[in-house]
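Reading through the structure tokens given below for one structure.
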Amino acid sequence: MQLIRYSLFIISILFQCSGYAQSARVREDFDNNWTFHLGEVAHAKDLDFEDAAWRKLNVPHDWSIELPFDSTSPTNNGGGALRGGLGWYRKTFTVPATDKGRIIYIDFDGVYRNSEVFINGHSLGMRPNGYISFRYELSQFLNYGGRNVIAVKVDNSQQPNSRWYSGSGIYRNVWLVKTGTTHIENWGSYVTTPSVSTSSAKVTVTTSLTGTGEYCDVTTTIVNAAGAPVGTQTQKGLHIGSLQTLPQTFSIAAPVLWSLENPYLYKAVTKVMSKGKVTDEYTTTFGIRSYKFDGDKGFFLNGKQVKIVGVCNHHDLGCLGTAVNTRALERQLQILKGMGVNGIRTSHNPPAPELLDLCDKMGFIVMDEAFDMWKRSKTQFDYSKDFDEWYKQDLKDQVLRDRNHPSVFIWSVGNEIPEQHAKEGDTSGVAYLREMQRIIRGLDDRPTVTANNHIDNNNQLLKSGINELIGYNYHHESWTPDAVQQTWGHKPFIVTESVSAIQTRGHYDMPSDSMRMWPQRWDQPVKNANTDLTCSAYENCYTPWGATHMATLKTFLKYESIGGMFVWTGFDYIGEPTPYPWPARSSYFGIVDLAGFPKDVYYLYQSLFTTKDVLHVFPHWNWKPGQLVDMWAYYNHADEVELFVNGKSQGIKKKAGDDLHVMWRVPFEAGKVEAVSRKNGKVVATQVIITAGEPAKIILQADRNAIKGDGKDLSFVTVKVVDKEGNLVPDAANKIQFKITGPGFIAGVDNGCQTSLESFKGSEHAAFNGLCLAVVQSNGKPGIIKLQAQSAGLAAAAIDIMGK
Ligand code: GAL
């Protein structure tokens, strides 16, 4: 009797616990333990398909980055000369019997492209768009207490379908979400701040709930960054039918406003209670800020005029390919912040959610872009084919997913859309734009824009007046308020894209070589006199539609009416090596190279847009005796710079008018160049460059010597080839071999050279202009990771990275 009573007690405890456990939301990282096969396989969707021989891997995964560069790839070098193809992923998992009755979803942050997802052999759906996040419900197909298989077919075989490197596969994170029957919808909360001041803010949290008719209490608590509740609202006894929307309003006293300097974040935690139990809990991160775009005075954040100094970036992460990694994104943003960038354009597609989370936390202004084309194509097999069927859903999902991010300020519905011009009387562009604007207005009130490269008054998208913002790509001569307003009326104006200058880090044409621009003929790409397929770091190579950084910046700084601009591009990216042919396979447009090493022009921006004392003199000091060398300097906070060669003054230079740099033309003589900047006679900064001798040794410098042992975290190790005195050898191209021991692996290697055909995934790589990069990734265990680097004829080096 005693035993029976005891057993009943235990059972009732278990029941209550499982009842509780069953009810609250679980969001599991579903990235590990997938199998992968490149190529079509019959029956791979089936539960009992035998995949033991398939490769085991964790996602995010980009299979294209693992393939060799290939001049015959149908992606061509615009797509990075890396092949697409068709691949299958499978993941076997169990779901406990106690989950029966819960609602279970699988969320994909992004799969490139044409994915079809199967659960236990049932097709859940297809999604052509490679950049959109999507969800399927699994509940009714699962074997509870048994084995289940998710299979994903990814078809990126039709090529070309992109103007840049897209990557292939499940290249973003995957999540398994479990909730109670009554729960909050996917992206089912919307936080707005209808009134904002430093003394108080009104915050509205609108929650979309779904269920099967239970009565629920819904409580939302606003929590500040320190974790303290600052407001709570409860609605009791709500009858949740198939879908219900609940607005809850809060008044927050003395809110800390989200700003670029202090990106302060609040959380709205919403709990759904049914019969005394929590059936779902959902947290939304948000910021409290006000903003305005103004036709005369540009952009205001919290009442303060701010110029958006933005860059466009594509989604690849250099040698990691497109497989998303939070640390790699964070490093990119840190490097950009270091040069004074405060804006990101997610060209030309919805980004990984982690990018927006980071922009929220780090203080960036994001232009969140939807499409690179609508119905009229740019490449043969691109999204234009899916556009009519999918654009409404894709756009809606993008806005629903991203609208709570305080970093997002602008929706761009298209880049250089061919429908800008009505073709043969086809005015569908305006109809599409109107429909997109209608979709967005139904969900959010941020302004919309299209990035227009045609700015004449035949542009039917601009003429329609539908967007709140006027956006120009390039055409800096037409950015004056008069020119913009005469054509388009009194509307706020931003430069959605600018510059497109081409440079290779550490490569310098001398003045005689370099006084040239892009050739006007497509079939005669620029050839560099010194080294084919590299381009000067001096400011003189740019596309016919673009302009130099300097010319662009001068115009940008001159007009208060320009709210912001997004330079093409922050980082070099894989693909689009315009204007160069194979073997060029990555772009030259970045201010920072593909490996993350800044090009010289980085310091021009730093001198203008940061508070740091900047003096950057270039190029290096290794030339032929007597050769005339143009020495340039970018500087700030000083009124003059003096240059010395081997102690001899070459004169004092001062920027005049709107100059952004100074220059000396000096004959080379081996030894030491020294630059000194001064303000009122007082030294502000100095820089010394010494003629380097022969390569003698390797130096390793990790951006972080301790990383999380979580299988995802990264340390970016810069490899420098230096002479025996430790001076960087500016043309060193030594082949470096890496060896790694301990709980880590080499996730990628690169040197930033656009024409290198060495694999990003190897364990060796040549240096380029003295530098190379090895990216070390934790394998999920703690311990010391040792990276060794050696090269014939050089003293080797090693570095320890602590995985914690
Ligand atoms: C722009 C385009 C970008 C990129 C750039 C290269 O016109 O919007 O995607 O192709 O040119 O200069």
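Packing around the peptides 429-439, 443-453, 490-500, taken as the average count of other Cβ atoms within 10 Å per residue, puts them in this order, highest first: 490-500, 443-453, 429-439. Based on Cα contacts under 8 Å between residues 6+ apart, the chain shows a relative contact order of 9 percent. Working ranking of peptides 717-724, 704-711, 228-235, 189-196 by packing, defined as the average number of other Cβ atoms within 10 Å per residue, highest first, is 717-724, 189-196, 704-711, 228-235. Between T326 and I784, the modelled label-to-label distance comes to 2.8 nm, taking each label 7 Å out from Cα in the direction of the beta carbon.
In the chain, what percent of the accessible surface is made up of carbon and sulfur (1.4 Å probe, ligands and nucleic acids excluded)? Solvent-exposed carbon and sulfur of the chain make up 53 percent of the total.
What's the FRET efficiency of K672 with D800 using the Cβ-Cβ distance as r and R₀ = 35 Å, to the nearest 0.05? In this case the efficiency is close to 0.55.
Work out the length of the dipole vector of region 259-400 about its Cα centre, built from +1 on the beta-carbon of each Lys and Arg and -1 on the beta-carbon of each Asp and Glu, and round it to the nearest 20 debye.
Values: 20 positive and 19 negative charges, 91 e Å.
With only Lys, Arg, Asp and Glu charged at Cβ, the dipole is about 440 debye.
Protection proxy ranking for 583-595, 619-631, using the average of other Cβ atoms within 10 Å per residue and placing the highest first: 583-595, 619-631.
Work out how much length T92 to Q380 would gain on full extension: take 0.36 nm times their residue separation and subtract the Cα-Cα distance, in nm to one decimal. All intermediate terms of the calculation are to be shown ahead of the outcome.
Details: separation 288, 0.36 × 288 = 103.68 nm, distance 3.62 nm.
Gain on extension, T92 to Q380, equals 100.1 nm.
Dividing the Cα radius of gyration of the chain by 2.2 N^0.38 Å, with N the residue count, gives 1.00.
Stretched out fully, how many nm does the piece from E725 to A706 gain, at 0.36 nm a residue minus the Cα gap? All intermediate terms of the calculation are to be shown ahead of the outcome.
Details: separation 19, 0.36 × 19 = 6.84 nm, distance 2.83 nm.
Length gained, E725 through A706: 4.0 nm.
Tell me, what is the FRET efficiency for A656 and T245 to the nearest 0.05, using R0 = 51 angstrom and their Cβ-Cβ distance as r? Intermediate values should be presented prior to the final figure.
Working: r = 61 Å, r/R0 = 1.19.
My answer for the efficiency is 0.25.
Tell me, what is the percent relative contact order of region 657-804, built from C-alpha pairs under 8 Å that lie six or more residues apart?
On the way: 356 pairs, mean separation 38.3, N = 148.
Here the relative contact order equals 26 percent.
Dividing the convex hull volume of the alpha-carbon atoms in region 241-293 by its residue count gives 140 Å³ per residue. Taking every protein chain into account, the 1.4 Å probe leaves F371 with about 10 Å² of accessible area, to the nearest ten.
Take the alpha carbon gyration tensor of region 129-194, find the square roots of its eigenvalues, order them as a ≥ b ≥ c, and report rounded if a/c is under 1.5; if not, report prolate when a/b exceeds b/c, else oblate.
Details: a/c = 3.51, a/b = 1.25, b/c = 2.81.
Oblate shape, in that a/c is at least 1.5 and b/c is the bigger or equal ratio.
Accessible surface area normalised per residue over the chain is 38 Å², counting heavy atoms of protein chains with a 1.4 Å rolling probe. Taking the empirical scaling 2.2 N^0.38 Å for compact globular proteins as reference, region 56-146 has a Cα radius of gyration ratio of 1.37. Where in region 783-804 does the amide nitrogen come within less than 17 Å of the point 7 Å from the Cα of K739, taken along Cα to Cβ? Once the point is set 7 Å along Cα→Cβ of K739, 785-801 turn out to lie under 17 Å by backbone N, inside region 783-804. Where a ≥ b ≥ c are the square roots of the eigenvalues of the C-alpha gyration tensor, would you call region 245-395 rounded, which needs a/c under 1.5, or, failing that, prolate if a/b is larger than b/c, or oblate? Oblate. Note on R27 and E435: the model spin-label points, each 7 Å out from Cα along the C-beta direction, lie 3.1 nm apart. Under 12 Å from the Cα of K653, which aspartates and glutamates turn up, not counting those fewer than eight places away in the same chain? Output for K653: D639, E640, E642.
Just to verify a number: FRET efficiency for S197 and Q393, C-beta to C-beta distance, R0 = 35 Å, to 0.05? Here the calculated transfer efficiency is 0.40.
Listed cross-link partners K655/K720; K178/K361; K153/K267; K304/K392 are compared with a 31 Å cut-off, the Cα-Cα value being larger for K655/K720; K153/K267; K304/K392.
The values are calculated or read from the model by the stated rules, or taken from the named source; none is laboratory data. Please read these numbers as outputs of a predicted model, since none were measured by experiment. Positions of Cβ are generated from backbone atoms using ideal geometry, with glycine treated the same way; all protein chains shown enter the neighbour counts. Ligands, DNA and RNA are excluded from the accessible area calculation, which covers all protein heavy atoms including side chains. Shrake-Rupley method; radii C 1.70, N 1.55, O 1.52, S 1.80 Å.
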